[in-house]
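Taking it in order: structure first as structure tokens, then the write-up.
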Amino acid sequence: MRIRKVRLIGFRNYTDQTAEFGPGLNILVGANGQGKTNLLEAVCFLSTTKSHRHASDEEMMKDSAEYFQLDCTTETEDGPSRLSAIIHRKGKTFCVRGEPVRRMSEYVGKLNAVIFSPLDMNLFDSSPTERRRFLDIELGKMSGIYIRFLNQYTQLLKNRNALLKKENPDLPLLDAISEQMVKPQAEIIRKRHHFISQLNATVSEYYRKLSGTKAEIKLEYESMVPYHADDTILQELIQSRQNKMKERDLILRQTNFGIQREDMEFWINNHPVKTYASQGQKRMIIIALKLALVNLIKERTGEYPVLLLDDVLSELDAERRNALIELLPEEVQTIITATEKEAIDQRLWNQARIWKIEKGSAVLWKN
């Protein structure tokens, strides 16, 4: 998979800009605040319908505009495709090949992009919400079924919490909603567990090649119930735990058990990353995680995703930069941001398509 062309209308500091990317390495060069990250954010939004910077739709509109529009032409093994997102203050429309989609599961994943951003460094120290967000976004790009189960559970959770806040909740209705919540939770737990197991298969290898050490990296999924491969047993464990929490939920007037409270922990040599690893090690772990994710997406979908590296070169020494470039598969379309030409290795400069980004304008510098 690769992006042939992307167009931004009224997005951040871009008025109307089109950029055509090459199939291999693409580099966006410009000073801070000129729009490099904005361009990557647009690609992420087309991929996931969300900003990787946690920005609201209004924040991404240029100069308090009434709407923004993003269009993208992609090349896949099935041929070219076209994606569009039109976001205005009264709603949003997402299109595939010019046709509006009815459900997000029909759109998310049509453009699969993986981004490394400096904001990813918060993954270790932030709230569990951020780590669940990572799981949901990455799994959602690979599985429409995951999105459907997650949306189903989210709506049931909303209904259950609304019922719990009432002075005299309808208990039979509460039990009925709780029963409906069991299956989607079991499916989500299963997919999260399998996803993390697959990442663990390669993340240590990528970290060792990047860092030049023999460290062991492990991701651990902290579920509310013990994981069991048998679906019947897993659902029984969830049902039993829900029943035990019912009285507490009624007292506190909210749902205190479920996948919305689960977490993920990172380990390096059996020590928690958030308290044991240095900033340099954390950065390497995130990069290794993203490379493992690229590999996993290829295994799952049959195609490599687009890889976006925002301000990664400036934080690595020459040896680590070279190690990273060597680990990038030639088939992966990669878009890298850099603040100045001098920060780019001559080898990269020679093989890349270069864009000069300045004041919301992208000018092709080297084809």
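Name the single residue, out of those in the range 161-218 being in a loop (DSSP other than H, G, I, E, B) and of a type in the set (Val, Ile, Thr), that is nearest to the chain's Cα centre (by Cα).
Going through the qualifying residues, I end up with Thr202.
In the range 217-233, which residue that is touching a residue at least 40 places away in the same chain (Cβ under 8 Å) and exposed (fewer than 14 other Cβ atoms within 10 Å of the Cβ) is farthest from Arg320 (Cα to Cα)?
Asp231
What number of residues in the range 333-362 are in contact with a Phe, Trp or Tyr (Cβ under 7 Å, 6 or more places away or on another chain) and either free of Cβ contacts under 8 Å to residues at least 60 places away in the same chain or over 26 Å from Tyr206 (Cβ atoms) (or both)?
Matching residues across the range 333-362 total 5.
Regarding Asn122, is this residue surrounded by fewer than 16 Cβ atoms within 10 Å (Cβ to Cβ), touching a residue at least 40 places away in the same chain (Cβ under 8 Å) and part of a helix (DSSP H, G or I)?
Spelling it out, it is not the case that Asn122 is surrounded by fewer than 16 Cβ atoms within 10 Å (Cβ to Cβ), touching a residue at least 40 places away in the same chain (Cβ under 8 Å) and part of a helix (DSSP H, G or I).
Table: residues versus (1) surrounded by 18 or more Cβ atoms within 10 Å (Cβ to Cβ); (2) in contact with a Cys (Cβ under 7 Å, 6 or more places away or on another chain); (3) among the polar types (S, T, N, Q).
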{"site": "Arg4", "(1), (2), (3)": "no, no, no"}
{"site": "Arg12", "(1), (2), (3)": "yes, no, no"}
{"site": "Glu20", "(1), (2), (3)": "no, no, no"}
{"site": "Leu40", "(1), (2), (3)": "yes, no, no"}
{"site": "Ser47", "(1), (2), (3)": "yes, no, yes"}
{"site": "Glu59", "(1), (2), (3)": "no, no, no"}
{"site": "Val96", "(1), (2), (3)": "no, no, no"}
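If Ile196 meets every condition in (1) touching a strand residue (DSSP E or B) at 6+ places or on another chain (Cβ under 6 Å); (2) farther than 23 Å from Glu236 by Cβ; (3) in the same structural domain as Ile286 (by TED's automatic domain parsing) apart from one, which number is that one?
(2)
Would you tally the residues in the range 234-261 being surrounded by 17 or more Cβ atoms within 10 Å (Cβ to Cβ) and either touching a strand residue (DSSP E or B) at 6+ places or on another chain (Cβ under 6 Å) or over 19 Å from Met224 (Cβ atoms) (or both)?
Summing the residues that are surrounded by 17 or more Cβ atoms within 10 Å (Cβ to Cβ) and either touching a strand residue (DSSP E or B) at 6+ places or on another chain (Cβ under 6 Å) or over 19 Å from Met224 (Cβ atoms) (or both) in the range 234-261 gives 0.
The values are calculated or read from the model by the stated rules, or taken from the named source; none is laboratory data. Just so we're clear, the structure is a prediction, and the values are computed from it rather than from any experiment. All Cβ positions, glycine included, derive from the backbone under ideal geometry; neighbour counts span all protein chains shown.
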